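Peer 1: What follows is a single structure, and I will ask about it in a moment.
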Amino acid sequence: MGKAFPLLSVAIYGLGASALKNGLALTPQLGWNSWNSFGCNINQDVILDAAKKIISLGFKDLGYEYINLDDCWSSGRNSSGYLVADQEKFPDGISGLAEKIHNMGLKVGIYSSAGTVTCAKEYPGSLGYEEKDAAVWASWGIDYLKYDNCFNEGQEGTPKLSYDRYNAMTKALNATGRPILYSMCNWGMDTVWSFAPTIANSWRITGDLTNVFDREDENCPCSELGGLDCKQAGGHCSIMNTVNKVVYFPSRAFQGAWNDLDLLQIGNGGLTDDESMSHFSLWAALKSPLILSNVMSKIDSSTLSILQNPAVLAVSQDPKGEPASRVWRYHVEDTNEYGKGEIQMYSGNLSGGDKLVLLLNAGSRDREMNATLVDIFWADGPAGSATKIKQSWDIYDLWADRMSHEQANAIIHNNGTMTVSNNTSLSFNTTEMGGSKQVYSRVPPSSSRELMGSKVGVVQASGTVKAHVKSHGVAMLRLRAQKQSNDEL
């Protein structure tokens, strides 16, 4: 059944021993998925073309590594009960496709459902076939499994029912000996965040995300309370609906186990540039997997410059692995000055003692926003907060050095290469920010790119961070403590 790989172990902090022993997703996974752009119209060429673009446009060098097939790749089971690929769509088989993707230095993902058939209704699911399916995927060289929730034969309704059904695949994946990243997709049902950290690398926390920033849709019920009272997952969920559900349980995510807010919709139309920046910023700050779903061969400069912002990616991949938490949220009344909507403020810990601050303006008009150091360090507790608000902090804007449209277009139209005098490549090492071993490198759009963004000011002790935030936009800031003077040491 192919080469066996040794089992790896990873500690699940605060939850006892892990049932998933693969050592993967120590930072949220980055990659691409076929569903939003291609649906069932996938084949070998579609997948390989996406993989080639991930490389030629520089995404691979920034850490995007998984190329994931979604639904509709199979033609059924053979007489022994093993899944087989659709030979018309995949003439080299999935193993042949995987070999080609591996030869590019990338990893490959597959899709199934914890039900009798998949969500497309015409393809076999894995319920009752967990061991055979995991074994054949491992023999093909699969690195990633997205495991959906359709046609589950009523085996949900309590956390225990869902746990047992999804844990069957955990055990099967472990038994193969091959490290396969396990991405559960049960749509947030049965308070999945209460049990998934012990059996999966990531888990969807809500119904399917659509490319709308903030719009109520009856297909996506339960906009509040983190879905705790929600018995239906639905779809057509907006960005704000999804964010307003996950904010109630950020502590459930940690190294090797992440809340999944669904595939990125950036580049699929429907979102403004500011909404796309907010989308990417929130997913990075909340430590959701960053899985692209746009047509890579049709990427535009705005999309590329957002998805390749190394300062925001550094937040996503920060080795501390701590999601930001929402500190406050206010509803904005409909006035001439600020329009209608809501504003929110998030704070999070980063490596090296840095602090992330995210100001979100979901209102209908631009506005000035601010957060005090008391707000920013609220979660540090009275003792930690009291110390840190008495320091002065340098402020870095993580979007200030966003790649220009000219630079992005040069990459797109020159197939990922661009001439920069005296510099043919860049490396960004987060050891400069506090001790990570992770290195980001890429063909450079600019020799001035920095993971810290640009320094835009200082907040004095006990002071306030202020920013002008566009409608449906964010200010994403990184705070670093200033060095104390000699007589204070």
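Peer 1: From the set of residues in segment 260-285 that are hydrophobic (A, V, I, L, M, F, W, C) and open to solvent by less than 10 Å² (accessible area, probe 1.4 Å), which is nearest to GLY63 (Cα to Cα)?
Peer 2: Here is the first cut: in segment 260-285, the residues hydrophobic (A, V, I, L, M, F, W, C) are 261, 263-264, 266, 271, 277, 280, 282-285.
Now restrict to residues that are open to solvent by less than 10 Å² (accessible area, probe 1.4 Å): 261, 264, 266, 280, 282-285.
On the way: LEU261: 19, LEU264: 16, ILE266: 17, PHE280: 15, LEU282: 18, TRP283: 16, ALA284: 13, ALA285: 17 Å.
Across segment 260-285, the extreme among qualifying residues is ALA284.
Peer 1: Being in contact (Cβ under 8 Å) with a residue 60 or more places away in the chain and outside any loop (DSSP other than H, G, I, E, B) is the filter here; which residues of segment 147-183 pass it?
Peer 2: Of everything in segment 147-183, those that are in contact (Cβ under 8 Å) with a residue 60 or more places away in the chain and outside any loop (DSSP other than H, G, I, E, B) turn out to be ASP148, ASN167, THR170, LYS171, LEU173, ASN174, THR176, LEU181, TYR182, SER183.
Peer 1: Give the number of residues within segment 234-244 that are at pLDDT below 90 and open to solvent by less than 10 Å² (accessible area, probe 1.4 Å). Walk me through it before giving the result.
Peer 2: As a first pass, look at segment 234-244 and keep what is at pLDDT below 90: 234-235.
Of the ones still in play, those that are also open to solvent by less than 10 Å² (accessible area, probe 1.4 Å) are none.
Looking only at that region, the number is 0.
Peer 1: Among residues belonging to segment 160-204 that are touching a Pro at 6+ places or on another chain (Cβ under 8 Å) and among the hydroxyl-bearing types (Ser, Thr, Tyr), point out the one that is nearest to LYS146 (Cα to Cα).
Peer 2: That would be SER183.
Peer 1: Is at least one residue of segment 370-382 closer than 19 Å to PRO28 by Cα, within 25 Å of the chain's Cα centre (by Cα) and open to solvent by 10 Å² or more (accessible area, probe 1.4 Å)?
Peer 2: Among the residues of segment 370-382, not one is closer than 19 Å to PRO28 by Cα, within 25 Å of the chain's Cα centre (by Cα) and open to solvent by 10 Å² or more (accessible area, probe 1.4 Å), which makes the answer no.
Peer 1: Separate question: Can you pull out the residues in segment 93-125 that are under 30 Å from LYS53 (Cβ atoms) and among the polar types (S, T, N, Q)?
Peer 2: SER95, ASN103, SER112, SER113, THR118
Peer 1: Might you check whether a residue that is of a type outside the set (A, V, I, L, M) and open to solvent by 10 Å² or more (accessible area, probe 1.4 Å) occurs anywhere in segment 304-316? Walk me through it before giving the result.
Peer 2: First, pick out the residues of segment 304-316 that are of a type outside the set (A, V, I, L, M): 305, 308-310, 316.
Subsequent filtering for residues that are open to solvent by 10 Å² or more (accessible area, probe 1.4 Å) retains none.
No, because not a single residue in segment 304-316 is of a type outside the set (A, V, I, L, M) and open to solvent by 10 Å² or more (accessible area, probe 1.4 Å).
Peer 1: I've got another one for you. Could you tell me which residue of segment 245-259 is farthest from the chain's Cα centre (by Cα), considering only residues that are surrounded by fewer than 23 Cβ atoms within 10 Å (Cβ to Cβ) and not small (Gly, Ala, Ser)?
Peer 2: Taking segment 245-259 first, the residues surrounded by fewer than 23 Cβ atoms within 10 Å (Cβ to Cβ) are 247-252, 254-255.
Add one more test, that the residue is not small (Gly, Ala, Ser), and what stays is 247-250, 252, 254-255.
On the way: VAL247: 15, TYR248: 18, PHE249: 16, PRO250: 14, ARG252: 15, PHE254: 13, GLN255: 13 Å.
It comes out as TYR248.
Peer 1: Considering only segment 444-463, state which residues are open to solvent by 40 Å² or more (accessible area, probe 1.4 Å) and either modelled with pLDDT under 50 or assigned to a strand (DSSP E or B) (or both).
Peer 2: The answer is SER447, SER448, LYS455, VAL456, VAL458.
Peer 1: Name the pairs: first residue in segment 65-84 and touching a residue at least 60 places away in the same chain (Cβ under 8 Å), second residue among the charged types (D, E, K, R), Cβ to Cβ under 8 Å, at least 6 apart or on different chains?
Peer 2: Listed pairs, sorted by first residue: TYR66/LYS107; TYR66/ASP143; ASN68/LYS146; ASP70/LYS146; ASP71/ASP148.
Peer 1: Given the structure, is ASP164 under 24 Å from ASP260 (Cβ atoms) and crowded, with 22+ Cβ neighbours inside 10 Å?
Peer 2: Working: under 24 Å from ASP260 (Cβ atoms): yes; crowded, with 22+ Cβ neighbours inside 10 Å: no.
Here the answer is no, as ASP164 does not meet what is asked.
Peer 1: Test each condition in (1) part of a strand (DSSP E or B); (2) touching a residue at least 60 places away in the same chain (Cβ under 8 Å); (3) crowded, with 22+ Cβ neighbours inside 10 Å for PRO323 and report the one that comes out false.
Peer 2: Against the list (1) part of a strand (DSSP E or B); (2) touching a residue at least 60 places away in the same chain (Cβ under 8 Å); (3) crowded, with 22+ Cβ neighbours inside 10 Å, PRO323 comes up short only on (1).
Peer 1: In segment 147-160, how many residues are open to solvent by 30 Å² or more (accessible area, probe 1.4 Å) and out of contact with any Lys or Arg (no Cβ under 6 Å at 6 or more places or on another chain)?
Peer 2: We begin by selecting, within segment 147-160, every residue open to solvent by 30 Å² or more (accessible area, probe 1.4 Å); these are 151, 153-160.
Next cut, out of contact with any Lys or Arg (no Cβ under 6 Å at 6 or more places or on another chain) only: 151, 153-154, 156-160.
Qualifying residue count, segment 147-160: 8.
Peer 1: Run THR424 past the list (1) at pLDDT 90 or above; (2) loosely packed, with under 13 Cβ neighbours inside 10 Å; (3) of a type in the set (Val, Ile, Thr) and report the number of the one that doesn't hold.
Peer 2: (1)
Peer 1: LYS466 - would you say it is open to solvent by 30 Å² or more (accessible area, probe 1.4 Å), part of a strand (DSSP E or B), at pLDDT 50 or above and among the charged types (D, E, K, R)? Can you show your working first?
Peer 2: Details: open to solvent by 30 Å² or more (accessible area, probe 1.4 Å): yes; part of a strand (DSSP E or B): yes; at pLDDT 50 or above: yes; among the charged types (D, E, K, R): yes.
Answer is yes for this residue.
Peer 1: Any chance segment 83-99 includes a residue that's of a type outside the set (Asp, Glu) and closer than 16 Å to LEU173 by Cα?
Peer 2: Start the filter on segment 83-99 by keeping residues that are of a type outside the set (Asp, Glu), which leaves 83-85, 87, 89-91, 93-98.
Still in the list and also closer than 16 Å to LEU173 by Cα: 83.
Scanning segment 83-99 turns up at least one residue that is of a type outside the set (Asp, Glu) and closer than 16 Å to LEU173 by Cα.
The values are calculated or read from the model by the stated rules, or taken from the named source; none is laboratory data. Bear in mind that the values here come from a model prediction, so they are computed numbers and not experimental data. Neighbour counts run over all protein chains shown; Cβ positions are idealised from the backbone, glycine included. Calculation scope for accessible area: heavy atoms of the full protein, side chains included, ligands and nucleic acids excluded. Shrake-Rupley method; radii C 1.70, N 1.55, O 1.52, S 1.80 Å.
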